[in-house]
Amino acid sequence: QVQLVESGGGSVQSGGSLRLSCDASGLGSDFSNYNLYWYRQSPGKQRDMVAALTIGSSVSYIDSVRGRFTISRDNTKNVLYLQMNSLRPEDTAVYFCNAGGNGGYWGQGTQVTVSS
């Protein structure tokens, strides 16, 4: 099974920034053929999509992160990024990258904790 690998999580104070990376090297040349997503999940809550980047380079965000988060991809390195600025405590969650959407490939998650 192909597994994506997230990194870059950690603990920051409100207003801080983090850049999450998703190593999709396991997808090889197929990386450029997948729509890519970042999801997050807090304890007791559903895993929700927060950002999407399509093969055609269309981007979308949930309202609560729009203007603060930026999703991008590097098809040469097979890496998906999520730049997170102006972080808030409500952004605290485990963040997962995904290729292919529902039924696609997932990473193991990386913890992001934002303190007040």
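Okay, here's what the table says:
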{"quantity": "Cα-derived Rg over Rh, computed across region 29-83 with Rh taken as Kirkwood radius", "calculated": "1.00"}
{"quantity": "Sulfur and carbon atoms: percent of accessible area, the chain [1.4 Å]", "calculated": "44 percent"}
{"quantity": "Extension gain from Ser115 to Ser60, taking 0.36 nm per residue of separation minus the Cα-Cα distance", "calculated": "17.2 nm"}
{"quantity": "Length released on extending from Ser42 to Val5, taking residue separation times 0.36 nm less the Cα-Cα span", "calculated": "11.4 nm"}
{"quantity": "Label-to-label distance, nm, for residues given as Arg68 and Asn85 (7 Å Cα→Cβ offset)", "calculated": "1.3 nm"}
{"quantity": "Unit charges at the beta carbon, dipole of the chain: most positive-side option, Gln41, Leu87, Gly100", "calculated": "Leu87"}
{"quantity": "Total formal charge among the other residues, if their Cβ is under 15 angstrom from that of Ser115, Lys/Arg +1 and Asp/Glu -1", "calculated": "-1"}
{"quantity": "Dipole magnitude (debye, nearest 20) for the chain, charges at Cβ of Lys, Arg, Asp, Glu", "calculated": "160 debye"}
{"quantity": "Sites Asn35 and Ser14, calculated FRET efficiency, Cβ-Cβ separation with R0 41 Å, nearest 0.05", "calculated": "0.85"}
{"quantity": "Rh (Kirkwood; distinct C-alpha pairs) - the chain, Å", "calculated": "14.0 Å"}
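The values are calculated or read from the model by the stated rules, or taken from the named source; none is laboratory data. Computed from a prediction, not measured in an experiment: that's the story for all the values here. Virtual Cβ from ideal backbone geometry, glycine too; neighbours counted across all protein chains shown. Surface areas here come from the heavy atoms of the whole protein model, side chains and all, with no ligands, DNA or RNA. Shrake-Rupley method; radii C 1.70, N 1.55, O 1.52, S 1.80 Å.
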